[in-house]
1. List pairs: first in the range 200-225 and within 20 Å of E239 (Cα to Cα), second away from the ligand (no atom under 16 Å from the Cβ) and assigned to a strand (DSSP E or B), Cβ under 7 Å, 6+ apart or cross-chain?
2. Inspect the range 146-155 for any residue being closer than 16 Å to I201 by Cβ, buried (at least 22 other Cβ atoms within 10 Å of the Cβ), within 16 Å of the ligand (Cβ to nearest atom) and aliphatic (A, V, I, L, M) and give the result as yes or no.
3. Within the range 319-335, which residues are closer than 30 Å to P416 by Cα and exposed (fewer than 10 other Cβ atoms within 10 Å of the Cβ)?
4. Within the range 296-304, does at least one residue satisfy the condition of being in contact with a strand residue (DSSP E or B) (Cβ under 8 Å, 6 or more places away or on another chain), over 24 Å from G257 (Cβ atoms) and either part of a helix (DSSP H, G or I) or at pLDDT below 95 (or both)?
5. Could you look through the range 88-137, keep only residues that are within 16 Å of the ligand (Cβ to nearest atom), β-branched (V, I, T) and under 26 Å from F193 (Cα atoms), and pick out the one that is surrounded by the fewest Cβ atoms within 10 Å (Cβ to Cβ)?
6. Restricting to the range 248-262, and then to whatever is surrounded by fewer than 20 Cβ atoms within 10 Å (Cβ to Cβ) and more than 23 Å from G304 (Cβ to Cβ), can you tell me which residue is nearest to the ligand (Cβ to nearest atom)?
7. Within the bounds of the range 352-364, is there any residue that is in contact with a Ser or Thr (Cβ under 7 Å, 6 or more places away or on another chain), closer than 24 Å to A259 by Cα, small (G, A, S) and surrounded by fewer than 24 Cβ atoms within 10 Å (Cβ to Cβ)?
8. Looking at (1) in contact with a helix residue (DSSP H, G or I) (Cβ under 7 Å, 6 or more places away or on another chain); (2) at pLDDT below 95; (3) in a loop (DSSP other than H, G, I, E, B), find the lone condition where H371 falls short.
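The values are calculated or read from the model by the stated rules, or taken from the named source; none is laboratory data. All values reported here derive from a predicted model rather than from experimental measurement. Positions of Cβ are backbone-derived with ideal geometry, glycine not excepted, and every protein chain shown enters the neighbour counts.
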Amino acid sequence: MPDDANELLSPIWPSDAARDADGTLVVGGVSATALAERFGTPLYVFDEDEVRAHARRALAAFDGAASRHGTSARVYYAGKAFLSTEVVRWVADEGLAVDVCSGGELAVALAAGIDPARIGFHGNNKSSAELDRAVAVGVGSIVIDSLVEIERLAAVVQRRGARQTVMIRVNSGVHAETHDFLATAHEDQKFGFTLQDAPEIAARIRATPGLTLVGLHCHIGSQIFGTAGFRESAARLVEMHAALGGLTVLNLGGGFGIAYTIADDPTPIDDLAVGIVDAVARECADRGISIPRLAFEPGRAIVGRAGVTLYEVGTTKSVGLQDGATRLYVSVDGGMSDNARPALYGAQYSARIASRVSPAPPTLVRVVGKHCESGDIVVDHEYLPGDVAPGDLLAVPATGAYCFSLASGYNYVPRPAVVAVRAGEARVIVRAETIDDLLARDAGAVVDPNERIDMSVSSDRSESR
Ligand SMILES: Cc1ncc(COP(=O)(O)O)c(C=O)c1O
């Protein structure tokens, strides 16, 4: 039990998060109550400076570690963590490239105006249309994931008379210490080729007119805290890189973990970078080969800590447990449709009352959403001031990654707006979904075109809609 259930514990919150004189949470210089008043709740709040700082730090960490060994590292921001044109501009501004894994993500990256040569395109089932678009706009590299894809891409480049740089996605066979659904480089899963198959795939690509094979790509999983899995994977990849000969790039993917609660203790990205790059350098030295140019793809580590979701408490309910204890359920106006991670992965989060501080003794609560699923949990267990009540604003930190991007339309709860905050200013970067948006897709809906429906708690706060 914390001494103070109002405290904003680093490193879960954005670095500039604080309480103002009234006790209200302030992020990016903007108070949570002002944000809720103006834009409504639920609301995804992104601290622009925090995103930029993590992008700069990641680039400095990986490229700095690489330059100590006489090579360089490119850092791709993994757009699947959170993609909007604005975030693409922030990270591109800070020197990052961007990785996309669908035609939709590619469209958003392009709509941001980033140089297509700075886009990497992944995915285990890219369609001919997606590949055609990628080749047409001139994406920097396409990561090949299957035999079928070699044929699809060959047909595209032939038809267009184009030449495309490609990489091969391989499974290093390393099972990163993370949730099973987040680990992607053990054998029994859908991504890439086994290391044993890599030579044959490389030969096929090299024999395909219009394709230029530059290197191997691997991603061992997500939310990984230590370097051991990355180092082992790097060793196996360098061995194959050396065996194939003639390759110039090695992409070791992303997966660098962040703290969601104070129980999490991820290795700082600077230390991870040094550990991984040193391992690559050692393996190359052992084989007498020069170190390739390196690439990394952090997503969560760039945006995770920059996001805070604001909710309004709607109900509280004390529920008796079998052991005689009670649990206080705190229901908020969003839930698994804006943050699927607790239901998907059993992900843990923390929370604070954002609209005030309270001297009330801490009480163990479970924060739940408004969806028709008992697994609709936002924060499984947290201590909040015991007087938490309807009308309070609740803030859930570390929601910058894989919340907006995994959002669903479950129960027709409209998806929240995304607001960027910086230096005391707030602006909408993705508007909220509206009930009208939802009805617009229903071919049989009978609606009055003059009636605007808004049933959110913030019907009087329309700026984000
Ligand atoms: C190929 C690839 N690269 C990068 C990432 C980003 O991972 P993270 O956000 O954990 O850094 C992922 C996540 O699934 C991925 O599949």
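1. A202/L213; I205/L211; I205/L213; R206/L213; V214/T165
2. No: zero hits.
3. Those that are closer than 30 Å to P416 by Cα and exposed (fewer than 10 other Cβ atoms within 10 Å of the Cβ): none in the range 319-335.
4. Checked against the condition, which is being in contact with a strand residue (DSSP E or B) (Cβ under 8 Å, 6 or more places away or on another chain), over 24 Å from G257 (Cβ atoms) and either part of a helix (DSSP H, G or I) or at pLDDT below 95 (or both), the range 296-304 yields no hits at all.
5. Ranking the qualifying residues of the range 88-137, first place goes to I119.
6. In this case the residue turns out to be V249.
7. Yes, some residue in the range 352-364 is in contact with a Ser or Thr (Cβ under 7 Å, 6 or more places away or on another chain), closer than 24 Å to A259 by Cα, small (G, A, S) and surrounded by fewer than 24 Cβ atoms within 10 Å (Cβ to Cβ).
8. Going through (1) in contact with a helix residue (DSSP H, G or I) (Cβ under 7 Å, 6 or more places away or on another chain); (2) at pLDDT below 95; (3) in a loop (DSSP other than H, G, I, E, B) one by one, H371 breaks only (2).
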